[in-house]
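The values are calculated or read from the model by the stated rules, or taken from the named source; none is laboratory data. Quick caveat: nothing in here was measured; it's all calculated off a predicted structure. Please note: Cβ atoms are built from the backbone with ideal geometry, for glycine as well, and neighbour counts cover all protein chains shown.
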Amino acid sequence: MKGLIFVSSVQKELADEREAIRNFVEGNRLLGRHFDVFIFEDLPAKSRRPDDLYLDQVEDCSVFISLFAAEYGWEDPKDGLSPTEREFNRATELSRPRLLFLKNIGKKKPHPKMAALTDRAKGELIYKRFNNAADLTSLLYDSLIEYLEERGTIHARPFDAAPCHGSDLKDISDARIKWFLQIARRERNLSLAASAGKQETLTHLKLAGGDGVTNAAILLFGNDPQKYVPSAVVKCAHYHGTEIAKPIPSHQVFEGTLFEQVDRAVDFIMSKLDRSVGTRADSAAAPVRYEIPKGAIAEIIVNAIAHRDYTSNASVQASVLADRIEVWNPGRLPRGLRLEDLEKPHSSEPNNPMIARPLYLAHYIENLGTGTLDVIRLCREADLPMPEFEQRGNQFVVTLWRDWLTADVLAGLGLNDRQRQAVMTMKVAGEIGNTEYQALVRVSKRTAHRDLTDLVDKGVLERVGTTGKGVSYVLRKGATKGPKGSENQPIDKGATKGPKGSSDTSPLPAETQQKPHKPDTPGHEAEHVRTSSKKRTSKKGKPK
């Protein structure tokens, strides 16, 4: 039987946090098996009786969560107590396990009664502070796991090391074990013989024991990993525009082992990127250069797959847009690792160590703490902006830009709405003329000329052609100057600035080699690489 979590707070002040707790617990495969969440907002309006109903829920709860900030809430005329304090008092009387989270309110002065309640609660409980919903759910996860461990409901072993219930050695693929042994012996000098069987190999890797095969064994070598972990897939989508919106021109869900998912997801993304083919001056084969280095793409994909939270019902998602690649990864930084640590050499602290080691042995990742630095370096060498990394709810989002005109750069150029619209259109179309500009933003020829000339002066566009209808404009490949006559410094595409003025780099600690693709992976089917994913526009506005 599931336990009940009661979330108590001033409702309007912390509505987002209350909803985030409910969605997080219900969406987490592990916590969702053990808890239901009660928040007062989920009750029908006609059923809300503030004097008795919610107090009954406090009596029935297994865990009582208090969220305190600045406001005290509605005060009962009879005794001057708010529902939040009344709930806290009832949970205290009943000796329910209580978790206290205090929201940082900066210089805002709390209500006197809330200040008094907070001081009393801090004297009774160990508390934790948070800034936003993402902080809160991360702290809550640790507290609830500790609660389950203390009661013997779950063991302290991480997901990848825990036994995969209902599975056995028959669920492990002989072909995938054989492939792994060949690769690991060649790449990492693995001491196991190439003829080693499934049991010997898994035992050596600590992926099997008295409890049977582990979740890691199924995900890495299983015949059908998704039978046991349905969300262990990578969803890849390609969009022609700069927004994630329907229709979706191309969409794939990649299943199979984690090795296969890495290979197929990287192939999908690379097939949608522009590429250039050089000459055979230095070798018999003409060199091919992609707009984003393959090593950078592989790095973020394998990090997401290796270090995601496999107890979450969410999947890894990779989106290819006209101006960027976004990879969404359910999970958070490992404990003790800060974003600023990733700009310098750091230790590798994988969330799933039993998954990370076989990936290392197959040379899909390194354990040297250099992966995030490699991504930064590869983007610099390709004249691309710094990758951007951020936490969005319970997901890490990694962004690799296909051109230098990031959202932050565009915001700093002082463009008007017409110019911004034209730039976003050109990220897809690739080229525009004065006539097309007039039609796009509905302005006169003179205004169009003035706007386009300003974009050239600011280093956003390049003019192609000389006079009349032979003139068109294309996006400049890289920032080389500021506005004409200004004192702006050139934009450094290799600067170490992270998202929105921060100095953060990748929140994903695992490191991959630059070429994790293994074309001989069982079941691997590479997709053909296209020469361009962007449409060029003729002077009449029609795709060529």
*Quick one: count up the residues across the range 379-398 that are in a loop (DSSP other than H, G, I, E, B) and charged (D, E, K, R).*
1
*Restricting attention to the range 437-470, which residues are exposed (fewer than 15 other Cβ atoms within 10 Å of the Cβ) and small (Gly, Ala, Ser)?*
ALA439, SER444, GLY465, GLY468, GLY470
*Selected residue (criterion: nearest to ILE21 (Cα to Cα)) from residues of the range 128-142 that are surrounded by fewer than 17 Cβ atoms within 10 Å (Cβ to Cβ) and in contact with a strand residue (DSSP E or B) (Cβ under 6 Å, 6 or more places away or on another chain)*: LEU139
*All but one of (1) without any contact (Cβ under 8 Å) to a residue 12 or more places away in the chain; (2) more than 21 Å from LEU410 (Cβ to Cβ); (3) assigned to a helix (DSSP H, G or I) hold for THR466; which doesn't?*
(3)
_Those residues of the range 233-281 which are among the aromatic types (Phe, Trp, Tyr) and modelled with pLDDT of 95 or more, in sequence order_ = PHE254, PHE259, PHE268
*Only residues that are modelled with pLDDT under 95 and either within 30 Å of VAL320 (Cβ to Cβ) or of a type in the set (Gly, Ala, Ser) (or both): list them for the range 207-227, please.*
ALA208, GLY209, GLY210, GLY212
*Any pair with Cβ under 6 angstrom, 6 or more apart, that starts in the range 210-229 at a residue that is closer than 14 Å to SER173 by Cα and ends at one that is among the basic types (Lys, Arg)*: PHE221/ARG176
*Mind listing just one residue for me: the one in the range 157-176 that is part of a helix (DSSP H, G or I), under 30 Å from the mean Cα position of the chain (by Cα) and not acidic (Asp, Glu) and, of those, modelled with the lowest pLDDT?*
PHE159
_So for the range 104-125 (the condition being within 26 Å of ALA20 (Cα to Cα), in contact with a Leu (Cβ under 6 Å, 6 or more places away or on another chain) and surrounded by 12 or more Cβ atoms within 10 Å (Cβ to Cβ)), does at least one residue qualify?_
yes
*Residue by residue through the range 153-202, note down the ones that are among the polar types (S, T, N, Q) and closer than 15 Å to LEU258 by Cβ.*
SER173
*Pairs, please: C-beta under 6 Å, at least 6 apart or cross-chain, first residue outside any helix (DSSP H, G or I) and in the range 100-118, second among the small types (Gly, Ala, Ser)?*
LEU100/SER66; LEU100/ALA121; LYS103/ALA69; ILE105/ALA69; ILE105/ALA70; LYS108/ALA70; PRO110/ALA70
_Being in the same structural domain as GLY331 (by TED's automatic domain parsing), buried (at least 18 other Cβ atoms within 10 Å of the Cβ) and of a type in the set (Val, Ile, Thr) is true for just one of THR201, THR257, THR214. Which residue is that?_
THR257
